[in-house]
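Participant: Have a look at the structure that comes next, please.
The values are calculated or read from the model by the stated rules, or taken from the named source; none is laboratory data. Here the structure is a predicted model, which is why all the values come from computation and not from measurement. Positions of Cβ are backbone-derived with ideal geometry, glycine not excepted, and every protein chain shown enters the neighbour counts.
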Amino acid sequence: MEKLTVATAVQPVPPSFLMRILARFRLLTLLFAGLPFAHTADAQPLYWACNGCHGPNGISVGEHIPTIAGLNYRYFYATMQAFRKDRRKGSSMGWIAKGYKSDQLQQIALYSGTQPWVGKLEEVDPRLAQRGQVLHAEYCEECHEQNGRFQDKETPPLAGQARGYLLYQMQDYRAAAHQMPQPALMQERLEKLSDADLIALSEFYAGSLTREYQDSAPPEPAFRGE
């Protein structure tokens, strides 16, 4: 019996498809291998656009605008994507994030992650800050370790963050859990805290009491953290 040969036409692969595959591979490299894939210097012009609101070099000078310099790059990227896809609410960040492509957000996040987290110390009410220190130890230290200085891909630093921003964020998380879902433990504990408690916590995180924590092994730079 004569063997039949079936000829199959080879279709050229569209360049756009190859670019999508490459982009996904680079994203997987970032998220799972933890290896930066872009030169952070290339991200400087993108990052500078943030300075108008978030302060020089991403360190806030306003009470209600967060510092972004030194945030864990995975946390930063996930947050920006949440704004971009309307999973996180913000006064203007939604439409701002929509103006960037995913690879641009990755570059900005990587650049931020290579900066040290310094935050900003403010003059605070010492009595409120001490009350906040007690509340932190009881309700927050389990996850926000080192007096709120710890951070990883799911936990932002609190110590040194803008006081008004932290207060409003905690109030929003407590009141609008259906819009911005939080870990069950965090939601449960926020619901136990009054506005006065949240004010005390924000005073504590903005002040020097957070520096009293001493750790023999300081946290790794933000761009290496998990």
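Participant: Suppose the filter is without any contact (Cβ under 8 Å) to a residue 60 or more places away in the chain, of a type in the set (S, T, N, Q) and either within 28 Å of residue 197 (Cα to Cα) or not assigned by TED's automatic domain parsing to the domain that holds residue 158 (or both); does residue 92 pass it? Steps first, please.
Facilitator: Details: without any contact (Cβ under 8 Å) to a residue 60 or more places away in the chain: yes; of a type in the set (S, T, N, Q): yes; either within 28 Å of residue 197 (Cα to Cα) or not assigned by TED's automatic domain parsing to the domain that holds residue 158 (or both): yes.
Criteria met by residue 92.
Participant: Return the total of residues in the range 50-88 being at positive phi and out of contact with any Ser or Thr (no Cβ under 8 Å at 6 or more places or on another chain).
Facilitator: Residues meeting the conditions: 2.
Participant: Looking at this structure, is residue 111 closer than 19 Å to residue 57 by Cα and either of a type outside the set (Ser, Thr, Tyr) or out of contact with any strand residue (DSSP E or B) (no Cβ under 7 Å at 6 or more places or on another chain) (or both)?
Facilitator: Answer is yes for this residue.
Participant: Of all the residues that make up the range 186-207, how many are touching a residue at least 40 places away in the same chain (Cβ under 8 Å), surrounded by fewer than 24 Cβ atoms within 10 Å (Cβ to Cβ) and not hydrophobic (A, V, I, L, M, F, W, C)?
Facilitator: Residues flagged as touching a residue at least 40 places away in the same chain (Cβ under 8 Å), surrounded by fewer than 24 Cβ atoms within 10 Å (Cβ to Cβ) and not hydrophobic (A, V, I, L, M, F, W, C) within the range 186-207 amount to 4.
Participant: For the range 164-193, how many residues are within 21 Å of residue 72 (Cβ to Cβ) and at pLDDT 90 or above?
Facilitator: Selection size over the range 164-193: 4.
Participant: Among (1) surrounded by fewer than 20 Cβ atoms within 10 Å (Cβ to Cβ); (2) more than 20 Å from the chain's Cα centre (by Cα); (3) modelled with pLDDT of 80 or more; (4) small (Gly, Ala, Ser), where does residue 216 come up short?
Facilitator: So the condition that residue 216 fails would be (3).
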